[in-house]
Structures are given as structure tokens and as C-alpha cells.
There are 2 protein chains.
Amino acid sequence: MPTTRAQCEQYDADDPLAFFREEFVLPEGVTYLDGNSLGALPRGAAARVAEMVETEWGQGLIRSWNDAGWFDKPSAVGERIAPLIGAEAGEVVVCDSTSVNLFKVFTAALGLRPDRKVVVSEASSFPTDLYMMEGATGLLDGYQRRLIAEGGLTVEQAIDEDVAVVVLSHVDYRTGRLHDMAAITELAHRHGALVVWDLCHTAGALPVRLGACRADFAVGCTYKYLNGGPGSPAFLYAAARHQDAAEQPLSGWHGHADPFAFTTDYRPADGITRFRCSTPHLLSYAPLEASLDVWERVDLGLLRAKSRRMTDLFIELVEQECAGFGLEIASPRAADDRGSQVAVRHADGYPVMRALIDRGVIGDFRAPDLMRFGFTPLYVRYVDVWDAVQVLREVLSTEAWRDARHAGRSRVT
Amino acid sequence: MPTTRAQCEQYDADDPLAFFREEFVLPEGVTYLDGNSLGALPRGAAARVAEMVETEWGQGLIRSWNDAGWFDKPSAVGERIAPLIGAEAGEVVVCDSTSVNLFKVFTAALGLRPDRKVVVSEASSFPTDLYMMEGATGLLDGYQRRLIAEGGLTVEQAIDEDVAVVVLSHVDYRTGRLHDMAAITELAHRHGALVVWDLCHTAGALPVRLGACRADFAVGCTYKYLNGGPGSPAFLYAAARHQDAAEQPLSGWHGHADPFAFTTDYRPADGITRFRCSTPHLLSYAPLEASLDVWERVDLGLLRAKSRRMTDLFIELVEQECAGFGLEIASPRAADDRGSQVAVRHADGYPVMRALIDRGVIGDFRAPDLMRFGFTPLYVRYVDVWDAVQVLREVLSTEAWRDARHAGRSRVT
């Protein structure tokens, strides 16, 4: 029996997370399937931002560094992220960008394996990870990069006794492929290597168990599934066992053991604080704080269950409703092996996505031929999955996308 | 004839910048002399922030990367900062923090002088500059640091043919001492060295002529005199002549020549864009944009004239009204030699400042004995200078500060 819209409505009626949709502002007439790139606006964010601007800044002025907790914001928000990624208290700090934080932990990890000169990553990594690794090793002597790639080296082949650090995306930004964090971390450790996990497409999409997996370091952004707003600060995780030996070169005064002593020499703070650099971009924390008020009430097991069911449903409906239009599912077929997004190949994927967006179904596109659809369990409904596939079928069957072939390229991540 | 409050009122009545005060929100009962640490809230900021949150993010969602100009924000805001610091179009970008930007330009500058292994700075630098230099040279081989210090090396002694890069604060964060940018830059160039200027306490306090001084690189924050809000993004200047040879190691995807090609290898963009790293902290730009709407209308010559007159007046009034209480002016006496702040030493400076703050006169304190008072010409009045000194006299003459000795330490910059 094919799935019907009525069944999707029933799924929504039975969805224990359905009420969270009310916590978000969503534009009229839009089916938003790009929360894996920029999450939607939490309803409480505008008021929290206004409070920071008008009360903390406008009235409190400089006094808010103490009185409004500004100085401790990176650790205070870090403590709230920790349970979402399976970290303990004192292992997470929120500051700077994912790229900058990757530079910190990658360089720190290299310092913990000074006698090894090979670094490993994947050709399919989000490129900024590769670029930041290149920037760091470019300052140092004699490092060699080994890339895992389809048709090339496997993870098992790439990691041996020469490897200092492995940097991997837990969920692939294009296909949504999910790595086995526990197994790969164990493999790396068996060879004496350390692993940095990029959780950009993981945090808020599925439960992560950094501690249970014995992860070494991790970074990730807060503006995708975590709904922190455009350019909200990134998180950085360093396992407690590594912190006191780890040295990171972006050694600004907020990472100093005694920042207000204003000494001429750097002495890193104990613990996770040494991974801070300088004055936090405070206003960019405010919406994230409102979003974390929502996240505190989310059961991550239910979140993952809904995510799996929505992505399964999307794949099923694409095959049921859009057969014969040249689509190919590029994401893993087994829900166990993917995050909360589905990528679909089409030779004219770019204009097809343009046509979808023109009709209110917002996903995005990655060259050369991938359409990405993200399913954020807190505010996407099963009927949205149904409706998106219907619009996709309409665009393909009428060839409406032919008009969109020459429109400007979508620039988003 | 001693100066009177009536005269200060007359100065305000004659002040051609007086009307700018209306552009700022200032709390009732506060004389705010800490705009050199965190500028006041521009009246237009809250609306601009709300627009970015509610319209650009809430309604535009991912589409705002193109439609609202998010992707180009660092260069668009950089173009607006350029005239305030004497830079040309294409020489300024706004992103990340001052510390992170210092790391970029310092490391890039070292790369332009590969055969030299000495770096020069001042013991009195704001410490994060020293710490970031230490972080960068710690990754590299064989660098030696030379510090200019009172009673030690002079600028002239420190800079010779071994020096690769000199990092100096244009205005000293404690005393307000102003360096001669043209003369020192020329001295360094004569010896083949490059100079990085830290403009944190300069931008928005006085006109800067980076181009005319043949400056190489500069960084600075936007949340002090520029009123961009707590943790607003920092600016980075690279002289056009250096850009194409300069390589900086925080080589994230927003600095790539073709960021949406998603290649595995880094290729820097032409021009100033290569100094960007990654996704900008967008919300933190919004108040700065509102502030720059004000700055566009400011005559920097008038600004400097008022700044000199206010700081002169403050010094004069402190000596006139507070003689015999153990105060010592720690800033240069000649207005030509200082920025827009005055530092005053007192053995019990910390509790004195606490007592001032309790009475609504907000400055700040730097160990061991410096009280700092900042004079922001856009919203501080001459009568504020008068009133602040009267409160200072009251605190000192009644020894009211004795009660404040054990209060918590103010943690601000």
C-alpha cells in the first residue's frame, strides 16, 4: 500500500515532539528543509536579544561583564551544550567559529603526538576543515596529509602508527553519511593516533556520546540543528584527560590563567578555559541561549527516532512519487548510517532546487548534482515531507525547472 | 581664574558635535567615562538587530546569505570602517576578534620577512597581543622576542636589521600614550621591518592615516569608541601592496578564491578577502551597522579637537579640584601625545574607582593603581567632565572609598 498524506497527518498527530514546532517562527508558505544549514528562529530569541541589547548593554554598559555574566558566557553556554553531545561538565566551551576552533584543537592534538608526521582526513570533508589543517601544518615542518576517499584509501588503510591526528566529519555534509564514532576512535587509539570529530551536522540532529566513545577532541557549529542564529559561536570539546597537556596557539588573554594580571607572558588556564581566545562575540550568543531553553526539554532518543522516520519517509516517498525522473538517492539507505538529511542526485539538480525554492520548498544544492534536504525534528512535520515530495514531483513532471537553469547560484552551507 | 561649571555648560552650548549625544541611549544618573572599553548603545541599534533577527533570519532564513548580503558582510562593513582609519577601498575586512586578526596579520607579516627572526613589541602592550605573538612564534622555529620597555630598550634601539615584524599599540590601553605612527613606520621600513598597528584604542577616538603613514598591517576592535556592541567583530587592515604576497594560516573557506567550489586544497582569494576565515558572526555586526550610520556623519577633525579639549579639561580640573589627595596624572600631559583617555594613579585606585561607580561615574581600573577615564566625543559632554571631577573630589575628601576596598574586582577591558 502506498503511503498517503492522511497517514502523514496521523504521524504528526501521534508525534511526541510535535508541540515543539510552536517554539519556532516559520514563514508563511514555506516548507523549510534547510535547517541543516541554518536553523529556524526560536520564538524566544528576539526577546533574549533585545534584553541583551537594551538592558545588558544599553543600561548595564561595562558593568555587564560581571553583572550579566558576559565574561563567563563561553563556559556557561558550553555547559548547556555538553549534554547534547555526551560531554561532561568542564569539557565544552563556546566561542569563535568552527574553523578557528578546529585550528585550536588540531594544533593542540599535533602537539600531543610530536613524533608523528602524518595527518588523516577525508576528501569529502567540509573543505574548511582541510583548509585549516593545511594552514596549521603549513606553519610546521614536515607534515604529510593522507586523504580517505571513495575508490582510494579506506579509514582502516589510512590510520597506522605514523598518524598523529585524524580529523573526521561525524555526519558528511553532502550525503549525511554517519561514521561509527566509537569504532573509528577505538581504531585510531589502537594505533596511537588522536581523533578530532567535526560535529557540525550532528549536534542537535542525533545524540552523540563523545565521552562514551573516548573521543579526544570535537568541534561543531550551533547555527544548524541547534538554531543559534546566523554565525552563532561554535563549540569546542576537549576530553578532560587531554586538557592539561594540550597547548593551543590562539593563546589570547581569555585563555590565560590570570587574564586580569596583564602579564607579558602567556600561561594557559587550567581546564577547558585554555581553549578560549579573546572577547566573545556576545550578541551572537543571545539567540543560542533562547534556543537552549528549548533544547533542555528535548528527549534526544525521541529526536533521533523522529529523524530516522522522517528521512526514511522522504526516501520512500521520493521513490514512490518521483520514479522515472532521473533522481538517485545519494544518502545511505539504512537510517543507522545517516544523519538527519537526505541528498538526492539529479543531473539538473541546481535548477530543480531553484524551482523548488520558488515554490516555497527550501533545501539547498551542492555541486555538481546534489540536492540536500534537511529534516529538523523540532519543527518539520511528516506532512511537510509529503508536501515537499509533491512539489518535487510537480517540478519534475512539468519540467518547470528549465526556467530556473540560469538563475544565480545559491551560496549557503 | 579657575574653570567653573558654567564655563563647561558654555563649551557644550558651543560644541558642534553636541547633537550626536541624542544618537545614543545613556542610562539615567550615569556619567559614562568607559566608552574606551565598551561604547554606548546607538539609538538605532535595537531596530537594526531586530530587523536582522526577525526579518533576515526569521523570514528570509537561508536565503538571506544572498538576499540580505550576509556573505559579503565582512567586506561591506570593512569598506565603511576604512575612512575612519585612513585606508582605501579593498584594504579592510571586519571579522573574528582582534586577537585572531592579529594572529593572521602577524603570521602573514613574518612570512614576508622569512630571513629575519626577531619580533619586537612593547612590555606595555595590551597583553593579548603579546600572547598571540607568542602563540604564533611558538609554532615556528627560532624566533626571538624583543620588548620595548620603560627604562629598557627604546623603539629606536629595538628596531634593527634583524627585525622581521614590530607590533605596537598606537594608543596605550593604560596611559593613552599616542605613538607617532608615521615616524615609527618609517623607522621600521628603513631597517626593512614591517609594522602591525593595534588600533583598539584609536579607531573612533582620533583620525588615523594608515595609508599616508605607509602602514603595513593593522587590527582593532569595534566595540570601544566605534560603539559596535559587546564583542562586535574586529577589523583587519592589510596595505594593498602586501595583499597578494601575504599568506595567513587561518585559511578557512571564506578566504578561499572559490569557496563554493568545495575543493580539497586551499587557494587564497585575491585581495583582502584572503584574511577572512569562516562564517561571520552576523548578529554581532548588526549594531555596528547602526553605529556606522552615525559615524558617516562625523567630522574626525572636530572629533579630535573635542577629544583634546575634554582630556585637557579633565587634567586641569583634577589638578584644580583634587589637589592634595595623592592623585598623579599618568597620561602624557601634551594632548598631541595621547588618545582620548586619561589615566590617574592613586595608591587606593581600586576602591576609589568602586566608590565612583557606586556614585554613577563609570570609569575603570587597571592594576596596580591606575584609574582610567575615557572621553568619547560623541556622547560625553564638558559638564560630564566637570561633574565627574566633583564626584572624585567628594569620594577622596570624605574617604568614602574606604568602604569599597573589599568589593569584587572589576573585570573589563
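What is the residue count in segment A:44-73 for residues that are surrounded by fewer than 24 Cβ atoms within 10 Å (Cβ to Cβ) and within 19 Å of B:Ile62 (Cβ to Cβ)?
The total comes to 1.
Looking only at segment A:219-231, decide whether some residue is over 30 Å from B:Tyr285 (Cα atoms) and either in contact (Cβ under 8 Å) with a residue 60 or more places away in the chain or crowded, with 24+ Cβ neighbours inside 10 Å (or both). First the steps, then the outcome.
Pass one, segment A:219-231, residues over 30 Å from B:Tyr285 (Cα atoms): none.
No; the residues of segment A:219-231 include none that is over 30 Å from B:Tyr285 (Cα atoms) and either in contact (Cβ under 8 Å) with a residue 60 or more places away in the chain or crowded, with 24+ Cβ neighbours inside 10 Å (or both).
For residues that are among the hydrophobic types (A, V, I, L, M, F, W, C) and touching a Phe, Trp or Tyr at 6+ places or on another chain (Cβ under 9 Å), scanning just segment B:103-121, find the one that is farthest from B:Cys277 (Cα to Cα).
Of all residues in segment B:103-121, those among the hydrophobic types (A, V, I, L, M, F, W, C) come to B:103, B:105-106, B:108-110, B:112, B:118-120.
Within this subset, residues satisfying the condition of being touching a Phe, Trp or Tyr at 6+ places or on another chain (Cβ under 9 Å) are B:105-106, B:108-110, B:118-119.
On the way: B:Val105: 12, B:Phe106: 15, B:Ala108: 14, B:Ala109: 17, B:Leu110: 19, B:Val118: 27, B:Val119: 25 Å.
Only one residue tops the list, namely B:Val118.
Between a first residue in segment B:12-31 that is closer than 19 Å to B:Arg308 by Cα and a second residue that is among the aromatic types (Phe, Trp, Tyr) and crowded, with 17+ Cβ neighbours inside 10 Å, which pairs have beta carbons less than 9 Å apart while being 6 or more apart in sequence or on different chains?
Short answer, once both residue conditions are applied: B:Asp12/B:Tyr382; B:Asp15/B:Tyr382; B:Phe20/B:Tyr379; B:Arg21/B:Tyr379.
Would you mind listing the strands (runs of 3 or more DSSP E) fully within segment A:294-413 where at least 3 residues are within 26 Å of A:Met1 (Cα to Cα)?
Values: elements: A:341-345, A:364-366, A:370-374.
By residue number, A:341-345.
If the requirement is being closer than 25 Å to B:Val171 by Cα, of a type in the set (Gly, Ala, Ser) and more than 12 Å from chain A (Cβ to nearest Cβ), which of these qualifies: B:Ala238, B:Ala245? Steps first, answer last, please.
Numbers: B:Ala245 fails: closer than 25 Å to B:Val171 by Cα.
Step by step, each of B:Ala238, B:Ala245 is checked, and only B:Ala238 is closer than 25 Å to B:Val171 by Cα, of a type in the set (Gly, Ala, Ser) and more than 12 Å from chain A (Cβ to nearest Cβ).
Do we have any residue at all in segment A:99-111 that's touching a residue at least 12 places away in the same chain (Cβ under 8 Å), out of contact with any helix residue (DSSP H, G or I) (no Cβ under 7 Å at 6 or more places or on another chain), away from chain B (no Cβ under 13 Å) and surrounded by fewer than 24 Cβ atoms within 10 Å (Cβ to Cβ)?
Within segment A:99-111, not a single residue is touching a residue at least 12 places away in the same chain (Cβ under 8 Å), out of contact with any helix residue (DSSP H, G or I) (no Cβ under 7 Å at 6 or more places or on another chain), away from chain B (no Cβ under 13 Å) and surrounded by fewer than 24 Cβ atoms within 10 Å (Cβ to Cβ).
Taking the criterion of being closer than 28 Å to A:Arg21 by Cα, under 20 Å from the mean Cα position of the chain (by Cα) and modelled with pLDDT of 95 or more, would at least one residue in segment A:349-362 satisfy it? Steps first, answer last, please.
First, pick out the residues of segment A:349-362 that are closer than 28 Å to A:Arg21 by Cα: A:352-362.
This time we only want the ones that are under 20 Å from the mean Cα position of the chain (by Cα), so: A:362.
Adding the requirement that they be modelled with pLDDT of 95 or more leaves A:362.
Yes: one or more hits.
Does B:Val119 fit the bill of being more than 24 Å from the chain's Cα centre (by Cα) and within 23 Å of A:Asp141 (Cα to Cα)? Quick ask: steps written out before the conclusion?
Numbers: more than 24 Å from the chain's Cα centre (by Cα): no; within 23 Å of A:Asp141 (Cα to Cα): yes.
No; evaluated as a whole, the condition is false for this residue.
Has segment B:306-324 got any residue that is surrounded by fewer than 18 Cβ atoms within 10 Å (Cβ to Cβ) and closer than 30 Å to B:Asp72 by Cβ?
Taking every residue of segment B:306-324 in turn, none turns out to be surrounded by fewer than 18 Cβ atoms within 10 Å (Cβ to Cβ) and closer than 30 Å to B:Asp72 by Cβ.
Give the number of residues within segment B:235-257 that are part of a loop (DSSP other than H, G, I, E, B) and within 26 Å of A:Leu140 (Cβ to Cβ). Can you show your working first?
Kept after step one, since they are part of a loop (DSSP other than H, G, I, E, B), are these residues of segment B:235-257: B:239, B:244-252, B:257.
In the following step, the residues that additionally are within 26 Å of A:Leu140 (Cβ to Cβ) were identified as B:244-252, B:257.
Here the count works out to 10.
Residues that are outside the structural domain of A:Pro230 (by TED's automatic domain parsing) and within 24 Å of A:Val342 (Cα to Cα): find the helices (runs of 4 or more DSSP H) completely inside segment A:3-68 holding 2 or more of those. Give the derivation first.
Numbers: elements: A:5-14, A:45-50, A:64-67.
The qualifying helices (runs of 4 or more DSSP H) are A:5-14.
Could you please give the count of residues in segment B:127-152 that are among the small types (Gly, Ala, Ser), more than 7 Å from chain A (Cβ to nearest Cβ) and on the phi < 0 side of the Ramachandran plot?
Initially, segment B:127-152 is screened for residues among the small types (Gly, Ala, Ser), giving B:135-136, B:138, B:142, B:149, B:151-152.
Pick out the ones that are also more than 7 Å from chain A (Cβ to nearest Cβ) and you get B:142, B:149, B:151-152.
So of that shortlist, the ones also on the phi < 0 side of the Ramachandran plot come out as B:149, B:152.
Total satisfying the criteria: 2.
Residue-by-condition table, conditions (1) in contact with a helix residue (DSSP H, G or I) (Cβ under 6 Å, 6 or more places away or on another chain); (2) more than 9 Å from chain A (Cβ to nearest Cβ); (3) under 30 Å from B:Asp172 (Cβ atoms):
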residue	(1), (2), (3)
B:Tyr11	yes, yes, yes
B:Asp15	no, yes, yes
B:Glu22	no, yes, no
B:Gly29	no, yes, no
B:Pro42	yes, yes, yes
B:Val53	yes, no, no
B:Gly58	no, no, no
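So, in segment A:273-293, of the ones that are among the hydrophobic types (A, V, I, L, M, F, W, C) and either out of contact with any Gly (no Cβ under 7 Å at 6 or more places or on another chain) or not in a loop (DSSP other than H, G, I, E, B) (or both), which residue ends up farthest from the other protein chains (Cβ to nearest Cβ)?
Step one: of segment A:273-293, the residues among the hydrophobic types (A, V, I, L, M, F, W, C) are A:275, A:277, A:282-283, A:286, A:288, A:290, A:292.
Going one step further and asking which of them are either out of contact with any Gly (no Cβ under 7 Å at 6 or more places or on another chain) or not in a loop (DSSP other than H, G, I, E, B) (or both), we end up with A:275, A:282-283, A:286, A:288, A:290, A:292.
Working: A:Phe275: 12, A:Leu282: 4, A:Leu283: 5, A:Ala286: 7, A:Leu288: 10, A:Ala290: 10, A:Leu292: 16 Å.
Once the filter is applied, the top-ranked residue is A:Leu292.
In this structure, does B:Leu250 turn out to be buried (at least 19 other Cβ atoms within 10 Å of the Cβ), modelled with pLDDT of 95 or more and under 17 Å from the mean Cα position of the chain (by Cα)? It would help to see each step written out before you state the result.
Details: buried (at least 19 other Cβ atoms within 10 Å of the Cβ): yes; modelled with pLDDT of 95 or more: yes; under 17 Å from the mean Cα position of the chain (by Cα): no.
No: the conditions fail for B:Leu250.
The values are calculated or read from the model by the stated rules, or taken from the named source; none is laboratory data. Just so it is clear, the structure is predicted and the values come from calculations on it, not from any experiment. Virtual Cβ from ideal backbone geometry, glycine too; neighbours counted across all protein chains shown.
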